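**Q** One structure is given below, represented as structure tokens, and several questions about it will come after.
The values are calculated or read from the model by the stated rules, or taken from the named source; none is laboratory data. No experiment lies behind these values; they were computed from the predicted model shown. For neighbour counting, all protein chains shown are included, and Cβ atoms are generated from backbone atoms with ideal geometry for every residue, glycine included.
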Amino acid sequence: MEFFLQNVVNALQWGSFYALIALGYSMVYGVLLLFNFAHGDIFMVGAYVGFFVATGLLLLVSSLGLVSMPGWVVLVLVILVAMFITAFVGVAVERIGYRPLRQAPRASAAITGLMIGIIFETGNLALLGARRLSFPELIETTTYTIGGVTVTNKRIMIVAVSLLLMFALHQFVQRTKWGMAMRAMAYDFAVVPLMGVPLNSIAALTFGLGSALAAAAGILFGVAYPVLSPYMGIVVGWKAFVAAILGGRGSILGAALAGFLLGFIEIFVATIFPSTLRDLIAFSIILLILVFRPHGFFGEAHTSRLRL
Amino acid sequence: MTILRVEHMTHYFGGLRAVNNYNLTVDPGQIRGLIGPNGAGKSTVFNLITGLYTPTEGTILLDGEDIVGRPPYQIADMGLGRTFQNLQLWRHMTVLEHVKMARYSKITYGLVGAFFATPRRVREEAEIKAKAYSLLELVGVGHLAEQNVTNLPYGALRRVEMARALATEPKILFLDEPTAGMNPEELVQMMEIIRKVHRELNLAIFLIEHRMKFVMELCDIVQTLVFGEVIAEGPPDYIQNDPQVIEAYLGTEVET
Amino acid sequence: MTAINSKLSTGKKDVSLFLQKLWEPFSVSPMLGWLIGVLIAVLLEYTVGLYVARMLGLPKIPVLFGVLIMLETPILFPSAVLYVLIIFIIPIALIARFTAPLTNTLAGKLIDVQPWLAVLVHLGLFYAALHLWAEINDYRVLVVRLTLISIILTLSLNVVNGYMGEFSCSHPGFMALGAYGASVFTLFLFVDDRTFGEALLPAQLGFLMFPLGLVFGGAIAALGALIIAIPSFRTRGDYLAIISLAFMFIVKSLIENLEFVGGPRGLGGQPDWANLPTVFAWTVICIWVTNNFVKSTFGKALNAVRDDEVAADAMTVNTRQTKMVAFLFAAFWAGVAGGLFAHVLRYVNPGSFGLQKLAEILAMLYFGGLNSVVGSIVGAVSFNLVSEALRPLEILKWIIIPVIFILVMIFRPTGLIAFTELNVINIIRPKNKAAVPQNVEVSQ
């Protein structure tokens, strides 16, 4: 039982990353009916932006002699600033890679997305070199043991911040005018521009929001696993993409839940079986789910075809 | 000897009864019509018989063979050709390729021929091509054979669909609103083509149509479908004067 | 603004007019003439290339027409250009132009005798030139072989992603299955090695049996493709893309966990049987079979399924059979390509069949063009050449290549040469005015 609970805690943390990234994929799909394949790398960019903001902030704090600023305040600031900056990266990706291809086949947009991702990875490598950066330790780790289950304050913080962000996104989409426009777009792509809602603004907003969430995921990832690398976004990104599909395209709730589900599958597979089998079993389960539940958990049953 | 016999066909979508106790017999050489207001279930009837949906209850006999539950391509191969209400053409293919495609199930050269261009494949493809040209000539679009379908006007596309359906060698032809979206001139031409096809190939035809004039001129027997049920069946002038039909259909939506 | 635009467009017009004028004298040269010219140019390089290079101050023969030199030591660039002019461009142009009357008659006669004979003669000439060119150094041989393998990969992916309009991501997986299948076949039967013990059959027999090994690898890949083909009956689009992506991850991590093929360390020691003629022959066969397939009514059924599946079904097309054939066909050729790949590098590991490979194959396909055999060839060749040419830039290469792709996607979203049919006779027919009737068809 303790063993089980311990893994639930681990899986919640692991799933938070997937869920936050999957939301970005899902929102973009909802609005534009295509996937942003650069999203995994935006997660990476977010982590690096977070790194620089954090280092800069720490430097500023120490040079001004404001030693009294607590670590969690710095972390919150870092998250907010990095989210803000990365949102603009997302908007730029949309502007350069997706807007010119609005009328093109979906597969072409997929290719541009992939290519932008490669540019991010290589650009990072070219600018920063192959050295591995290590995310600064903003808050000290405190470990609590509750009934045999070990929980660190970082873990609690990661899950809490993720849930908070998801809640905020939900409120935004449900309550605001812009969120309503996004939902309307997901409902009928063709009609909304006719109603006077500018498609381009909505698309940019969606990319921005998704990228901001990915940046938050990147920083939280950096807090949990401090070593950053230009290729850190690839595998995590593709897996989150799978989660977005599992959750049903365009469904925000579905993407979040599927992100956590994927985290659970991976953590439990890794604890029960040798860790080398993790991908094998996790993806076999995903394949089986998709074969027998071909439209995910929350997606509506309509088959789309590639527009050629 | 009937070509098509549908007995007691009923179909539910979820809990909704879309078609109720539908019966139909079509004899060789007959032209039968199906009319009814929008949403009456006409297209559902078509899709049930052609195998796109499997009816909840009922039997469908095509040339004496039960076809319920068979996939559409087998039903088509057994002699049921069809056109679609909204043109369903393949946007990257030429007119000729459309008609050749409908010969798919009649090809005998197999994958070996497809991969290695055997003499048999070359010969067979040439035969299909000749056949396709003759059908295109029959409906009057032979000169457009090499054109891509996206370049053609609407009326021509309707004819291409007709030629394509004919290439499956149907015993009975299903036409789903063959004149939808046509102007009066095109309508008259389409009527001519249907007559010609009917005459030259001695086909049985079953058609859905909105325009009364068209139905009244072409059909031997007409059924009226309202809310999934046939409320009247008979020769055109009988249908035209049936009070139930007038109330349910003609009274609300007169089109000529 | 408009003035600049019009100036620009007249400038563009001038350039194209100039190119047209330049090309005009050569428009009468048939493919046969060009090939003879290329062959002679390559012979020239083979015999006096080194001498000419030294005279121009180049340390050695420029391996890739001077593009590498251009980026490595720009000062030598004029010499490289001169070299290419002297050895290649001028001889080829002269021969193609002045033998035109002769080659036109010859090409016409050949086609009249037997169209397939004419095709074989052209292929023979092309291969002779390619072989001689590649002979100069090992680097060229390697680049040519890998490029040819890329052609097979791209073409086979085009069958599913282009002709049938799915977005399959499973190709690295099929390739891995083929690579490991063929490697196990050759290592187990013909090679003494640590993994599989002594050879069961004499190694001399091995080379003759190598095609069998490749077919075996292809068959295993095709078997694996059933996992994608069967769900494709019910699912299309994004979900199938994910199923195929999951398949790719599964194959990769399955091989990582199979100790008897070396696990993550990989499998090495494959015999050097995938030499240039072998790879060339398989590539030609692949192009020929694929071109036959996509032109047949069975192949056109892929387009019908892509553009309107319901209509295809109603026109007697067995859609399940069509999808099954497409997936198995594509997987088979990806497997063959994998087998060749393993025997060219003589070492494979699961890491080579991951997301990077996928991005590479997708890039080649969408760059070259969907639904087009020529497009796939062009895509694979240009991707490999550009990628080799930019090698001196090291890391920047992976910024320039993506930028090129993004531009191609923005300006030609379906790729450079999409939706065209490859008509071999049209390429090799005589180009003079008294040409033979154009509708002679070799494979209908």
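**Q** For the condition under 14 Å from the mean Cα position of the chain (by Cα) and touching a residue at least 12 places away in the same chain (Cβ under 8 Å), what is the one hit in B:Met162, B:Met216, B:Met212?
**A** Details: B:Met216 fails: under 14 Å from the mean Cα position of the chain (by Cα); B:Met212 fails: under 14 Å from the mean Cα position of the chain (by Cα).
Answer to the check: B:Met162.
**Q** Could you check the range A:209-259 and list, in sequence order, the residues that are more than 12 Å from the chain's Cα centre (by Cα) and of a type in the set (Gly, Ala, Ser)?
**A** A:Gly222, A:Ala224, A:Ser229, A:Gly247, A:Gly248, A:Gly250, A:Ser251, A:Gly254, A:Ala258
**Q** Right, another one. Determine whether C:Pro231 is touching a helix residue (DSSP H, G or I) at 6+ places or on another chain (Cβ under 6 Å), without any contact (Cβ under 8 Å) to a residue 40 or more places away in the chain and on the phi < 0 side of the Ramachandran plot.
**A** Criteria met by C:Pro231.
**Q** Hey, any hits in the range C:69-88 for a residue that's of a type in the set (Gly, Ala, Ser), under 28 Å from C:Ala128 (Cα atoms), assigned to a helix (DSSP H, G or I) and in contact with a Lys or Arg (Cβ under 8 Å, 6 or more places away or on another chain)?
**A** Taking every residue of the range C:69-88 in turn, none turns out to be of a type in the set (Gly, Ala, Ser), under 28 Å from C:Ala128 (Cα atoms), assigned to a helix (DSSP H, G or I) and in contact with a Lys or Arg (Cβ under 8 Å, 6 or more places away or on another chain).
**Q** Now for a separate question. Just checking, does the range B:136-157 include any residue being within 14 Å of another protein chain (Cβ to nearest Cβ) and under 19 Å from B:Asp77 (Cα atoms)?
**A** Checked against the condition, which is being within 14 Å of another protein chain (Cβ to nearest Cβ) and under 19 Å from B:Asp77 (Cα atoms), the range B:136-157 yields no hits at all.
**Q** Would the range A:91-99 turn up any residue that is in contact with a helix residue (DSSP H, G or I) (Cβ under 8 Å, 6 or more places away or on another chain), over 29 Å from C:Glu394 (Cα atoms) and within 14 Å of chain C (Cβ to nearest Cβ)?
**A** Within the range A:91-99 (the criterion being in contact with a helix residue (DSSP H, G or I) (Cβ under 8 Å, 6 or more places away or on another chain), over 29 Å from C:Glu394 (Cα atoms) and within 14 Å of chain C (Cβ to nearest Cβ)), the answer is yes, since at least one residue qualifies.
**Q** Can you name the residue in the range B:85-130 that is touching a residue at least 60 places away in the same chain (Cβ under 8 Å) and over 18 Å from C:Ala301 (Cβ atoms) and, of all such residues, is nearest to the other protein chains (Cβ to nearest Cβ)?
**A** Going through the qualifying residues, I end up with B:Leu87.
**Q** Then there is this: Checking C:Val215 against (1) within 14 Å of chain B (Cβ to nearest Cβ); (2) farther than 30 Å from A:Ile281 by Cα, only one condition comes out false. Which one?
**A** Unmet condition: (2).
**Q** So, of the residues in the range A:100-131 that are assigned to a loop (DSSP other than H, G, I, E, B) and of a type outside the set (A, V, I, L, M), which turns out to be farthest from the other protein chains (Cβ to nearest Cβ)?
**A** A:Arg131
**Q** Moving on. Among (1) more than 14 Å from chain A (Cβ to nearest Cβ); (2) assigned to a helix (DSSP H, G or I); (3) acidic (Asp, Glu), there is one condition C:Asp238 misses while meeting the rest; what is its number?
**A** Answer for C:Asp238: the failing condition is (1).
**Q** Looking at (1) away from chain C (no Cβ under 14 Å); (2) crowded, with 24+ Cβ neighbours inside 10 Å; (3) basic (Lys, Arg), which is the only condition B:Arg32 fails?
**A** All conditions pass for B:Arg32, except number (2).
**Q** If you check C:Leu157, C:Leu142, which single one turns out to be surrounded by fewer than 18 Cβ atoms within 10 Å (Cβ to Cβ), under 21 Å from the mean Cα position of the chain (by Cα) and in the same structural domain as C:Ile250 (by TED's automatic domain parsing)? Walk me through how you get there before you give the answer.
**A** Values: C:Leu157 fails: surrounded by fewer than 18 Cβ atoms within 10 Å (Cβ to Cβ).
The conditions single out C:Leu142.
**Q** Pull out all pairs, ordered by first then second residue, where Cβ-Cβ is under 8 Å, the residues are six or more apart or on different chains, the first lies in the range B:48-74 and is within 14 Å of chain C (Cβ to nearest Cβ) and farther than 19 Å from B:Lys171 by Cα, and the second is part of a loop (DSSP other than H, G, I, E, B) and of a type in the set (Val, Ile, Thr).
**A** Once the first residue is within 14 Å of chain C (Cβ to nearest Cβ) and farther than 19 Å from B:Lys171 by Cα and sits in the range B:48-74, its partners that are part of a loop (DSSP other than H, G, I, E, B) and of a type in the set (Val, Ile, Thr) give B:Thr54/B:Val68.
**Q** Would you check if C:Thr322 is assigned by TED's automatic domain parsing to the domain that holds C:Gly263 and part of a loop (DSSP other than H, G, I, E, B)? Spell out the reasoning first.
**A** Numbers: assigned by TED's automatic domain parsing to the domain that holds C:Gly263: yes; part of a loop (DSSP other than H, G, I, E, B): no.
For C:Thr322, the condition - assigned by TED's automatic domain parsing to the domain that holds C:Gly263 and part of a loop (DSSP other than H, G, I, E, B) - is not met.
**Q** What number of residues in the range A:44-76 are surrounded by 17 or more Cβ atoms within 10 Å (Cβ to Cβ) and either farther than 18 Å from A:Gly222 by Cβ or free of Cβ contacts under 8 Å to residues at least 40 places away in the same chain (or both)?
**A** Count: 2.
**Q** Considering C:Asn432, C:Asn423, which residue is surrounded by fewer than 21 Cβ atoms within 10 Å (Cβ to Cβ), among the polar types (S, T, N, Q), within 24 Å of C:Ser296 (Cα to Cα) and away from chain A (no Cβ under 12 Å)?
**A** The unique qualifying residue is C:Asn423.
**Q** Out of the residues in the range C:385-408 meeting the condition of being within 20 Å of the chain's Cα centre (by Cα) and under 25 Å from C:Gly162 (Cα atoms), tell me which one is farthest from the other protein chains (Cβ to nearest Cβ).
**A** Checked the range C:385-408; the qualifying residue farthest from the other protein chains (Cβ to nearest Cβ) is C:Leu385.
**Q** Within the range C:115-202, considering only helices (runs of 4 or more DSSP H) that don't extend past its boundaries, which have at least 1 residues that are free of Cβ contacts under 8 Å to residues at least 12 places away in the same chain?
**A** C:115-135, C:138-157
**Q** Taking the criterion of being touching a Ser or Thr at 6+ places or on another chain (Cβ under 6 Å) and assigned by TED's automatic domain parsing to the domain that holds B:Lys131, would at least one residue in the range B:51-59 satisfy it?
**A** no
**Q** C:Gly181: surrounded by 24 or more Cβ atoms within 10 Å (Cβ to Cβ), in the same structural domain as C:Met364 (by TED's automatic domain parsing) and farther than 21 Å from C:Leu302 by Cβ, yes or no? Spell out the reasoning first.
**A** On the way: surrounded by 24 or more Cβ atoms within 10 Å (Cβ to Cβ): yes; in the same structural domain as C:Met364 (by TED's automatic domain parsing): yes; farther than 21 Å from C:Leu302 by Cβ: yes.
Criteria met by C:Gly181.
**Q** Mind checking which helices (runs of 4 or more DSSP H) fall wholly inside the range B:86-167 and carry at least 2 residues that are closer than 27 Å to B:Met191 by Cβ?
**A** B:95-101, B:119-138, B:154-167
**Q** Given the structure, is B:Val19 surrounded by 23 or more Cβ atoms within 10 Å (Cβ to Cβ) and not acidic (Asp, Glu)?
**A** Judged against the criteria, B:Val19 is a match.
**Q** How about the range B:69-97: which of its residues are crowded, with 18+ Cβ neighbours inside 10 Å and more than 16 Å from the chain's Cα centre (by Cα)?
**A** If the condition is that a residue be crowded, with 18+ Cβ neighbours inside 10 Å and more than 16 Å from the chain's Cα centre (by Cα), then B:Trp90, B:His92, B:Met93, B:Thr94, B:Val95, B:Leu96, B:Glu97 are the ones that fit.
**Q** State yes or no: is B:Met182 hydrophobic (A, V, I, L, M, F, W, C), surrounded by 16 or more Cβ atoms within 10 Å (Cβ to Cβ), farther than 24 Å from B:Asn23 by Cβ and at pLDDT below 90?
**A** It is true that B:Met182 is hydrophobic (A, V, I, L, M, F, W, C), surrounded by 16 or more Cβ atoms within 10 Å (Cβ to Cβ), farther than 24 Å from B:Asn23 by Cβ and at pLDDT below 90.
**Q** Here are some residues: A:Gly254, A:Gly259. Which one is buried (at least 22 other Cβ atoms within 10 Å of the Cβ) and at pLDDT 90 or above?
**A** That would be A:Gly259, the only listed residue that is buried (at least 22 other Cβ atoms within 10 Å of the Cβ) and at pLDDT 90 or above.
**Q** Do we find that C:Phe353 is within 17 Å of C:Gly173 (Cβ to Cβ) and either away from chain B (no Cβ under 14 Å) or in contact with a Phe, Trp or Tyr (Cβ under 7 Å, 6 or more places away or on another chain) (or both) in this structure?
**A** Yes.
**Q** Only residues that are within 15 Å of C:Leu177 (Cβ to Cβ) and either among the charged types (D, E, K, R) or facing chain A (nearest Cβ under 7 Å) (or both): list them for the range C:248-264, please.
**A** C:Phe249, C:Ile250, C:Lys252, C:Ser253, C:Leu254, C:Glu256, C:Asn257
**Q** Further, regarding this structure: Kindly check whether there is at least one residue in the range C:377-396 that is in the same structural domain as C:Gly269 (by TED's automatic domain parsing), at pLDDT 90 or above and assigned to a loop (DSSP other than H, G, I, E, B).
**A** No, that holds for no residue.
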